[in-house]
Amino acid sequence: MLTIHKPEIIEHENETVLQAKFECGNTKDILWFSTTNEFGSYLCHERGDAFLVAMLLYAMKRREDIHILAPISERLYYTLTKHFVKVIADIFPGYHRIQIICEIDSGNLQNAGGVGTGFSCGIDSFCTVIEHTDESCPPDYKLTHLTFFNVGSNGDYGGDHARDLFHQRIEEVRPCADELQLPLVTLDSNINEILGMNFVQTHTYRNVAAALALQKLFKTYYYSSGYSLQQFELNYSDSSHYDTYVLDMLSNNTIKFFSSGEIYSRVEKTDIVSKNPLSYKYLNVCVVAEKNCSRCYKCQRTLVTLDLLGKLDLYNKVFDLNDYRMHRSKYFALVLSERKNDALKQEIYDAIKRDNFSIPFSSYLYSYPHVIFQFGIRHCPGFIKKQYRDLKRH
Ligand SMILES: [Zn+2]
């Protein structure tokens with residue numbers, strides 16, 4: 001049995017902490033969420049929703065029922081017990097169906113009516129922000145707040161390095177939030193250390209838990225999609241594959257989660273973002289450094305996409321375009337050689353074909369290094385030349 005105690009609020013000089021003790025077998029610990037005092041009054045201690053969602057996979061992995069000593073929103077209790085727990089047990093290898101023992105809260109919680117989304121200055125979140133701040137967005141759905149959470153994107157397993165990166169990245173994101181005139185809600189947590197789980201498999205659950213901790217602030221929360229709806233699958237390896245479903249299952253009667261940008265491919269999102277001048281100053285997609293390194297797989301993917309959209313030069317402040325041009329042929333070669341196993345590279349390849357975009361012939365040679373090694377460039381087999389001609393023809 002995993003027992004989660006009643007959440008409590010602790011106010012410090014600069015931050016407000018929402019925390020709950022828990023016990024599971026021989027483990028006794030405290031799970032906490034912490035925000036600045038400005039937003040501390042929105043932390044929800046009246047319900048256990050955030051803690052239940054945060055610890056759900058933890059308990060299911062260990063085959064432990066959850067006894068939570070705080071009321072759970074009626075809708076969340078319903079969706080978990082009648083739908084979602086079984087689905088998770090079916091898709092995650094080695095996970096088990098468990099019971100949830102708790103009181104149900106069918107009342108309405110006071111809520112400030114905020115509309116929020118996580119903002120990292122990457123392609124997905126920039127697209128969400130553009131779509132929910134422009135004139136075409138109905139007033140009730142326009143963003144009122146941006147968020148930045150330390151729930152795994154700065155390091156799957158937390159620790160000091162991840163926390164340092166979290167604080168550095170806040171300072172990278174804040175100037176853009178200021179220009180957008182939207183307050184930035186930051187929230188730290190030790191969920192990473194407690195879970196000890198792979199972030200990619202669990203990111204939707206972690207971020208939803210953090211937003212539920214702030215459920216007195218938000219009535220609507222957009223979670224930027226990583227994949228388009230056409231790539232939907234119940235695949236445990238990345239919760240982005242099925243987050244439209246997760247977000248519905250984890251909404252309650254106070255806060256409604258939406259997947260955002262799910263109707264677009266990554267190439268289409270990049271196109272939307274590239275029309276917004278703020279992105280020329282602030283776009284940050286890098287997975288290895290505070291500023292764009294221009295070489296990691298996300299920097300590469302974004303640069304190649306901007307290149308084929310004809311928008312590359314607009315981004316000379318945030319990427320090293322000279323470095324990109326030196327490696328351009330190889331990056332396009334990776335699109336050619338890895339697209340079959342990478343849905344996002346396939347999207348780029350489809351856009352290259354659709355737009356009749358001309359990529360260097362050397363990319364075809366680079367994409368078959370084993371063939372070049374065997375035959376030499378001069379005796380490059382006909383099928384490589386044929387692929388090149390086919391692509392040019394489309
Ligand atoms: Zn990078």
Against the conditions (1) among the β-branched types (Val, Ile, Thr); (2) within 16 Å of the ligand (Cβ to nearest atom); (3) surrounded by fewer than 18 Cβ atoms within 10 Å (Cβ to Cβ), where does Ile263 fall short? Just the number, please. (2)
Taking the criterion of being farther than 28 Å from Thr133 by Cβ, buried (at least 21 other Cβ atoms within 10 Å of the Cβ) and among the β-branched types (Val, Ile, Thr), would at least one residue in the range 318-332 satisfy it? no
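Can you give me the number of residues within the range 295-322 that are among the β-branched types (Val, Ile, Thr) and near the ligand (Cβ under 10 Å from one of its atoms)? Walk me through it before giving the result.
Going residue by residue through the range 295-322, those that are among the β-branched types (Val, Ile, Thr) are 302, 304-305, 318.
Those still in the list that are near the ligand (Cβ under 10 Å from one of its atoms) too: 302.
Within the range 295-322, residues that are among the β-branched types (Val, Ile, Thr) and near the ligand (Cβ under 10 Å from one of its atoms) number 1.
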Among the residues of the range 201-219, is there at least one that is crowded, with 18+ Cβ neighbours inside 10 Å, more than 15 Å from the chain's Cα centre (by Cα) and in a helix (DSSP H, G or I)? yes
Name the pairs: first residue in the range 334-360 and of a type in the set (Asp, Glu), second residue part of a helix (DSSP H, G or I), Cβ to Cβ under 6 Å, at least 6 apart or on different chains? Glu338/Lys345; Glu347/Arg266; Glu347/Val267
Which pairs do you get when a residue that is in a helix (DSSP H, G or I), found in the range 286-299, comes within reach of a residue that is polar (S, T, N, Q) and within 6 Å of the ligand (Cβ to nearest atom), reach meaning Cβ atoms under 7 angstrom, with the pair 6+ apart or on two chains? Cys299/Asn292
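Determine whether Tyr331 is within 19 Å of the chain's Cα centre (by Cα) and outside the structural domain of Arg163 (by TED's automatic domain parsing). Talk me through it step by step, then tell me what you get.
Working: within 19 Å of the chain's Cα centre (by Cα): no; outside the structural domain of Arg163 (by TED's automatic domain parsing): yes.
No.
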Please determine whether any residue of the range 268-281 is among the hydrophobic types (A, V, I, L, M, F, W, C), more than 16 Å from the ligand (Cβ to nearest atom) and crowded, with 20+ Cβ neighbours inside 10 Å. yes
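So in the range 282-294, with the set limited to residues that are crowded, with 18+ Cβ neighbours inside 10 Å and of a type outside the set (S, T, N, Q), which one is nearest to the ligand (Cβ to nearest atom)? Full working, then the answer.
Step one: of the range 282-294, the residues crowded, with 18+ Cβ neighbours inside 10 Å are 282-286, 292, 294.
Keeping just the survivors that are of a type outside the set (S, T, N, Q) gives 282-283, 285-286.
Numbers: Tyr282: 15, Leu283: 12, Val285: 7, Cys286: 3 Å.
Among residues in the range 282-294 that are crowded, with 18+ Cβ neighbours inside 10 Å and of a type outside the set (S, T, N, Q), the one nearest to the ligand (Cβ to nearest atom) is Cys286.
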Being within 20 Å of the chain's Cα centre (by Cα) and closer than 19 Å to Tyr245 by Cα is the filter here; which residues of the range 92-115 pass it? Phe92
Qualifying residue in the range 221-235 (condition: in a helix (DSSP H, G or I) and at pLDDT 95 or above): no
Taking interchain pairs and intrachain pairs at least six residues apart, which have beta carbon atoms under 8 angstrom, with the first residue in the range 153-172 and among the acidic types (Asp, Glu) and the second modelled with pLDDT under 85 and surrounded by 12 or more Cβ atoms within 10 Å (Cβ to Cβ)? Glu172/Glu290
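The values are calculated or read from the model by the stated rules, or taken from the named source; none is laboratory data. Small disclaimer: the values here were computed from a predicted structure and weren't measured. A quick note on method: Cβ atoms are made from the backbone with ideal geometry, for glycine too, and the neighbour counts reach across all protein chains shown.
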